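Every read-out reported here was derived from the displayed coordinates using simple, explicitly stated rules and does not represent laboratory data. Everything quoted here is computed from the prediction, not taken from an experiment. Glycine gets a Cβ as well: all are built from the backbone with ideal geometry, and neighbour counts include every protein chain shown.
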């Protein structure tokens, strides 16, 4: 997630995200992602993964 990388979170068991929408009524949303986020430090690099 680009927001996680911008906030400096590269590896975490869970990543919380919170945002507010304006309007009548205004609403606040909270989301927690628990899947591993594949973030490459170098966008020109590649990763090879072999699953058993």
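Tell me what the chain gives for mean residue ellipticity at 222 nm when only DSSP H runs of n ≥ 4 count, each as -39,500 (n - 2.57), the sum divided by the residue total, rounded to 500 deg cm²/dmol.
Numbers: 1 runs with 5 residues, N = 52.
Value at 222 nm, helices only: -2000 deg cm²/dmol.
Working from label points 7 Å from Cα in the Cα-to-Cβ sense, the residue 41 to residue 19 distance is 2.8 nm. Listed from fewest to most Cβ neighbours within 10 Å, the set 7, 28 follows the order 28, 7. Remark: spin-label model distance residue 2-residue 28 equals 2.6 nm, labels positioned 7 Å along the Cα→Cβ axis.
Which length gain, in nm to one decimal place, applies between residue 52 and residue 10 when the Cα-Cα distance is subtracted from 0.36 nm times their residue separation? Kindly include the intermediate steps, with their values, before the conclusion.
Details: separation 42, 0.36 × 42 = 15.12 nm, distance 2.51 nm.
Length difference between fully extended and current span is 12.6 nm.
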